[in-house]
Amino acid sequence: MKRIYTADSIAMAWHMRNVLEQHDIYAQVKNEGLSSIAGETPITEILPEVWVKPLYAKRAEQIVKEIINSEELENESWICKSCGEDSLGIFDICWNCQTADN
Ligand SMILES: [Zn+2]
């Protein structure tokens, strides 16, 4: 597996993963849920990362770049009414349980 993206938030990492899967690229999110040890670990080591098979790395990096370039990132977040997780304003569905924001 090869790391192709380091996200600022778990929501962003999952967004990338979902988009990659829409392109038939299987992606894995690493370092999620490690914030409990944040006090002992440098912050750069606990940011969520998106990993893909080396075979898909080039294409995945390109897709991630396009997502970053094309989307207006809004800082505003919303709380999923189904599972209570925070999602960023740019997402129409919850990254965690795929419930629509409405
Ligand atoms: Zn949810």
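What follows is calculated from the coordinates using simple rules that are stated; it is not laboratory data. In this text the structure is predicted, and so the values were computed from the model without any measurement. Cβ placement follows ideal geometry from the backbone for every residue including glycine, while neighbour counts extend to all protein chains displayed.
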Q.
What FRET efficiency comes out for ASP8 versus LEU55 if R0 is 41 angstrom and r is the Cβ-Cβ distance? Round to the nearest 0.05.
A. 0.95
Q) Ranked highest first by average number of other Cβ atoms within 10 Å, how do 77-87, 9-19, 56-66 line up? A) 9-19, 56-66, 77-87
Q. If the cut-off is a Cα-Cα distance under 26 Å, which lysines reach LYS65, setting aside same-chain residues fewer than 8 apart in sequence?
A. LYS2, LYS30, LYS53
